[in-house]
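Reviewing the structure listed below.
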Amino acid sequence: MSTIESVLHETRIFAPSTKFVEQANLADIEAYRALCAEAERDYPAFWSKLAQQHILWHKPFTRVLNDSEPPFFKWFEDGELNISYNCLDRHLANQPDKIAIIFEADNGDVNHCTYRELYQRVCQFANGLKALDIKKGDRIIIYMPMRIEAVIAMQACARIGAIHSVVFGGFSAKSLHERIVDAGAAAVITADEQTRGGKNHPLKATVDEALSMGDTDSVKSVVIYKHTGVDIAWQNNRDIWWHDLIHGKQGECAPEWVNAEHPLFTLYTSGSTGKPKGVQHSSAGYLLGTMISMQWVFDYKPTDIFWCTADVGWITGHSYVAYGPLAMGATQVIFEGIPTYPDAGRFWKIIQQHKVTTFYTAPTAIRSLIKLGADLPQQYDLSSLRLLGSVGEPINPEAWMWYYTVVGQSRCPIVDTWWQTETGCHMIAPIPGAIPLKPGSCTLPLPGISAAVVDEAGHDVELGKGGFLVIKRPFPSQIRTLWKDPARFKKTYFPEDICGGRYYLAGDSAHRDKEGYFWIMGRIDDVLNVSGHRLGTMEIESALVANPLVAEAAVVGKPHEIKGEAVVAFVVLKGQRPHGAQASEIAGTLREWVAREIGPIARPEEIRFGDNLPKTRSGKIMRRLLRSLAKGEEITQDTSTLENPAILEQLKQPVS
Ligand code: WTA
């Protein structure tokens, strides 16, 4: 399935149906253009109006954008607000009994939680955190299953001004440890175990392991939500049960008013070095981004049943589970499990049962569900759906067409949303009532978002030509810095050698077609996108060389039918190059090693062994060659600078 190839030849156009347009928040391209023109005319006034419309301010702002120290931009900087107040308290007067969350557990149990109940539970837990002496500005690691409590923990942090850092439950003790140390966390919130696909996986034991790895003295408390009830190790004076912590606590907790620029959270993501980056977001600008995109891209209506399938461990679960839908007062589904358990009809069953109107998922899930049961959706009543969404990686036109015709029954627009952990909310995505769709294109930038495709000097490239995807002007929801590392922030996103450091560099390449539509072509750095998750090749390489058997390793991606991209590792052992059964055995050991070091998402699909890696005479690994080898392509590149061409023959062979 060659995404880029098929994308280049895609010419189909799908305009929204009259029925969709009639009810849309933004119903024609002129309305979209008018908003873009408004932003163009007076950029600060455009954002100022939106920030006043959408956010409840404790103290109104008077300054919109402070760009005096680029790239450290500040938005609404003298305003004060509280994010949890904006997500919960604001709904108490007019819709306290509206269901905020329909929770479906892995085993199918369903619970409903109204806005009033959610408010009380968040307040109670916030009071619990205060009792642990957690204060504004403290960092809290959240390592939780995908349950209501994860959202409660995040909202409770926001309520007291603590900065949360959610770590996906699939990450290893070592990855967790790295994040705890970098954040200097005061507490970890976790559960005994998580349940996915009928299986339980430890969380608390992993936290214990992470906390035994050193440099974690900052952590004074570990709060444990009792989920499966399994026996866990206990450390007095540090560990406390969630239910004990909230016992007797008030269901009211005055919000801590924070400055607009106060960090709401950090979220670690992979980059081109071995060390994950702590992406730091603001409070007001971030919230505004999630709200306007709910309104524009998801065409949000109070009657919607919104379902974003992402885990809160990723940015999508932050913006479109924990914050955006709640700020809008939406009813949303939260699902603990996986799409294929107990069978590949699970998503469709949930849509049918809870009458989901807006469904947002990743291309990798769509592709695996096509494979496991292309006609399964037809066995369910999906007539409640009115809008579909896609995120995390390019969606190939084949998967797009299936999603459109089989799941959406040719009735629902698909919003293919391009954005990143760093951008906080959608950047390039169709406004579904206004913008005709082309399968595989994320279409046009949102109003106010100055996305462009440029060359190294920062000039717009001709339509049809590939280049760097950048955002030219600062925007409210953008990353503020990397936690404790402003120099790396500047170097990564505003590098001097590309566009002279003037533009936000996304790290993707893209081109625009003659209608100006954007087509994302892939990363320009050493970041892989495996099943919609970002993985740094350097991170996997460091994990491999940490194994005592390994002398050297190079990791590249290769196209994969379901995952989009798969990890292929080329490894040189300290001992002899292994053959036959021994090679398979060592490959198996190394795959598990990586899964343990980083997390199962990083487990290499394939490992190949060589006596050496292909290098130039100056010692640089020739990654382009490795990518060709991984794909099984004939080597057509110039190999004359290669030190030892015989290596290529060895590395052609996958270990069986
Ligand atoms: C890729 C996820 C094509 C892209 C929200 C980006 C996409 C990275 C799309 C960010 C899309 C995300 N089409 N590619 N609709 N959405 N990407 O930080 O390479 O986990 O830079 O954020 O995913 O991944 P992240």
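The values are calculated or read from the model by the stated rules, or taken from the named source; none is laboratory data. Note that the structure is a prediction, hence the values are computed from the model and not measured. Neighbour counts are summed over all protein chains in view; Cβ atoms, including those assigned to glycine, are modelled from backbone coordinates with ideal geometry. Heads up: the accessible areas ignore ligands, DNA and RNA and are worked out on the full protein's heavy atoms, side chains in. Shrake-Rupley method; radii C 1.70, N 1.55, O 1.52, S 1.80 Å.
Miscellaneous remarks
- Fraction of accessible area attributable to carbon and sulfur, region 531-651 (%, probe 1.4 Å): 49 percent
- Rounded percent of accessible protein surface that carbon and sulfur make up, region 313-407, 1.4 Å probe: 56 percent
- Probe 1.4 Å, all protein chains present, accessible-area order of His262, His459, His58, His281, largest first: His459, His58, His262, His281
- Å² of accessible area per residue within region 22-112, as computed with a 1.4 Å probe and no ligands counted: 50 Å²
- Comparing Cα centroids, region 183-230 and region 82-113 end up 25 angstrom apart.
- Surface per residue (accessible, 1.4 Å probe) for region 264-358, Å²: 20 Å²
- Three-way shape call for region 478-548 based on the alpha-carbon gyration tensor, with the a/c threshold at 1.5: oblate
- Average silhouette area of the chain, convex hull of alpha-carbon atoms, in square nanometres: 28.5 nm²
- Look at the alpha carbon pairs under 8 Å that are at least 6 residues apart: their mean separation over the length of region 531-651 gives a relative contact order of 24 percent.
- At R0 = 30 Å, FRET efficiency that the Cβ-Cβ distance of Ile635 and His579 yields, to 0.05: 0.85
- Above-threshold pairs, the threshold being 24 Å between Cα atoms, out of Lys349/Lys558; Lys277/Lys490; Lys226/Lys355; Lys98/Lys226: Lys349/Lys558; Lys226/Lys355; Lys98/Lys226
- The mean sequence distance of close C-alpha pairs (under 8 Å, at least 6 residues apart), as a share of the length of the chain, puts its relative contact order at 14 percent.
- Alpha-carbon centroid distance for the pair region 332-346 / region 50-77, whole angstrom: 39 Å
- Scanning the chain for cysteines with no neighbouring cysteine C-beta under 4.7 angstrom from their C-beta gives Cys36, Cys87, Cys113, Cys157, Cys308, Cys412, Cys425, Cys442, Cys499.
- If you take the Cα centroid of region 377-445 and the Cα centroid of region 493-537, the two points sit 20 Å apart.
- In the context of the full set of protein chains, region 531-651 has a per residue accessible area of 46 Å² (1.4 Å probe).
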